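The values are calculated or read from the model by the stated rules, or taken from the named source; none is laboratory data. Everything quoted here is computed from the prediction, not taken from an experiment. Neighbour counts are summed over all protein chains in view; Cβ atoms, including those assigned to glycine, are modelled from backbone coordinates with ideal geometry.
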């Protein structure tokens with residue numbers, strides 16, 4: 001019962017430390033109760049120890065996942081249940097492997113293994129086809145940006161490392177005090193924890209106090225049409241949408257406006273990609289761009305491309321019948337009056353909704369089963385490069401679409417290709433007025449800090465925002481409000497350390513976790529023979 005209560009406590013601490021209403025410093029204690037419960041079980045004489053460790057860890061991680069990502073249920077009940085259950089399972093497997101290693105090594109080795117292996121787990125979640133990095137620990141500070149200005153050097157993995165280090169200091173103090181009953185153990189642990197928490201925060205404020213905003217800037221106009229995706233979006237044609245966006249632009253544009261942003265798939269009729277120039281999306285894009293001589297329009301559209309040539313079939317192509325395929329795209333496009341039209345295809349896809357994970361393995365088993373989210377059931381086609389859009393005077397922006405804004409190193413690809421600010425277009429209405437859209441908007445602040453780029457965020461139903469390179473929200477339009485935002489976007493050409501080197505903490509962690517794991521296994525075998 002004691003270990004059961006400790007597991008519940010861990011789950012609650014992790015959940016109550018999460019954005020947008022949580023207090024992230026709780027995460028410095030979040031894993032300690034669960035680690036203590038594992039230690040108690042490991043050193044007991046009970047049977048089925050591995051199953052008990054798995055059980056308490058699953059309970060803790062289930063509570064965390066459920067309380068923070070319950071909102072997925074509102075868009076897809078099956079997908080919501082799967083995300084909570086499966087992610088809790090994966091986290092529990094990581095914890096179980098830590099338990100196996102901890103039985104064969106000392107405290108320092110097992111602690112180093114857990115920290116590095118958890119980071120490896122988060123890195124895997126950023127890259128594989130079941131990608132779900134929403135609960136990567138470093139995301140937890142998105143509402144407390146003044147504490148993590150050093151993310152420009154480490155990315156969010158720096159936050160993960162920070163949280164786990166403090167947890168193991170607290171855990172070690174608890175077990176040491178339980179054994180020796182020496183108050184000095186607690187005093188030393190408190191001092192060490194205070195210093196390890198305080199120094200990064202102090203460094204963050206020093207960075208913040210010394211940061212100077214870039215001199216060059218432009219004005220952006222952000223449109224938030226507030227169209228309900230369940231009752232309006234797929235029942236309203238592109239002509240009506242285009243008229244709405246044009247009217248909103250005409251009423252709010254100024255002589256200084258350089259770019260107008262509209263949300264993800266705001267033109268949803270499905271445009272044939274080779275005929276884009278003659279589409280309603282292109283027509284209204286040109287109409288808006290013509291409101292000012294040097295104006296650009298950036299918006300989202302659904303494209304498709306049908307073909308019969310089997311040599312064009314890719315892993316993400318959809319088959320209709322024999323010799324009849326099509327590619328389906330969730331795309332961003334940019335139009336102005338002084339350059340060719342520019343198109344980018346979303347390439348980080350929502351699992352089940354836009355991407356059938358490991359299709360070559362699962363499709364023979366499951367058939368054409370896909371999670372239906374607002375009418376989107378086809379496999380989306382991606383592109384390999386993070387190309388950027390050029391607007392006036394060679395100014396470049398990153399056309400980031402929805403889910404892509406969760407991926408730190410991925411976003412640095414746009415910046416390496418010349419993006420001077422980040423444009424995020426999204427449609428977060430699927431989840432209703434829950435924590436989901438607020439968390440998604442909050443994470444954009446971390447991308448601003450990591451790359452030191454301003455963010456212009458256009459969301460169909462909200463939250464639309466303009467964010468500075470230090471993660472400060474200067475302008476915001478709330479959820480379920482139709483309207484516009486206008487404000488300055490700072491242009492930056494400086495490349496941060498994190499942009500240059502990416503997730504180096506995760507790369508180092510891979511080698512460390514593998515080394516300690518092999519050491520533990522070899523050590524175990526030696527104990528059998530010698």
Item to check | Conditions (1) surrounded by 24 or more Cβ atoms within 10 Å (Cβ to Cβ); (2) touching a strand residue (DSSP E or B) at 6+ places or on another chain (Cβ under 9 Å); (3) farther than 30 Å from residue 247 by Cβ: number failed by residue 492 | outcome: (1)
Checklist entry - So which residues in region 198-233 are modelled with pLDDT under 95, in a helix (DSSP H, G or I) and surrounded by fewer than 16 Cβ atoms within 10 Å (Cβ to Cβ), if there are any at all? => result none
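Residues are listed down the side, and each one gets a yes or a no for (1) closer than 23 Å to residue 392 by Cα; (2) surrounded by fewer than 24 Cβ atoms within 10 Å (Cβ to Cβ); (3) touching a residue at least 40 places away in the same chain (Cβ under 8 Å):
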position	(1), (2), (3)
438	no, yes, yes
448	yes, no, no
460	no, no, yes
470	no, yes, yes
480	no, yes, yes
Item to check | Flag if residue 444 is touching a helix residue (DSSP H, G or I) at 6+ places or on another chain (Cβ under 7 Å) and not in a loop (DSSP other than H, G, I, E, B) | outcome: yes
Item to check | Residue identified as surrounded by fewer than 22 Cβ atoms within 10 Å (Cβ to Cβ) and part of a helix (DSSP H, G or I) among 418, 413 | outcome: 413
Checklist outcome for this item: Taking first residues from region 201-216 that are farther than 18 Å from residue 490 by Cα and second residues anywhere that are part of a helix (DSSP H, G or I) and modelled with pLDDT of 95 or more, the pairs with Cβ under 6 Å that are 6 or more apart or on different chains are 201/147; 204/147
Checklist outcome for this item: If you go through 107, 113, the only one that is surrounded by 22 or more Cβ atoms within 10 Å (Cβ to Cβ), farther than 22 Å from residue 408 by Cβ and touching a residue at least 24 places away in the same chain (Cβ under 8 Å) is 113
Checklist entry - With respect to residue 128, is the statement that it is touching a strand residue (DSSP E or B) at 6+ places or on another chain (Cβ under 9 Å), modelled with pLDDT under 95 and farther than 16 Å from residue 508 by Cβ true? => result no
Next on the checklist: Just the residues that are in contact with a helix residue (DSSP H, G or I) (Cβ under 8 Å, 6 or more places away or on another chain) and more than 19 Å from residue 32 (Cα to Cα), please, taken from region 123-140.
Outcome noted: 123, 125, 126, 130, 131, 132, 133, 134, 139
Checklist entry - Within region 450-484, which residues are in contact with a helix residue (DSSP H, G or I) (Cβ under 9 Å, 6 or more places away or on another chain) and assigned to a strand (DSSP E or B)? => result 455, 457, 459, 464, 465, 467, 473, 476, 483, 484
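Tell me, yes or no, whether region 313-330 has at least one residue that is under 31 Å from the mean Cα position of the chain (by Cα), closer than 30 Å to residue 252 by Cα and crowded, with 19+ Cβ neighbours inside 10 Å.
yes
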Next on the checklist: Out of 46, 81, 86, I need the residue that is farther than 20 Å from residue 113 by Cβ, surrounded by fewer than 17 Cβ atoms within 10 Å (Cβ to Cβ) and touching a residue at least 24 places away in the same chain (Cβ under 8 Å). Which one?
Outcome noted: 86
Checklist entry - Looking at region 14-36, is at least one residue within 17 Å of residue 132 (Cβ to Cβ), in contact with a helix residue (DSSP H, G or I) (Cβ under 9 Å, 6 or more places away or on another chain) and in a helix (DSSP H, G or I)? => result yes
Item to check | Breaking point among (1) surrounded by 24 or more Cβ atoms within 10 Å (Cβ to Cβ); (2) on the phi < 0 side of the Ramachandran plot, for residue 265 | outcome: (2)
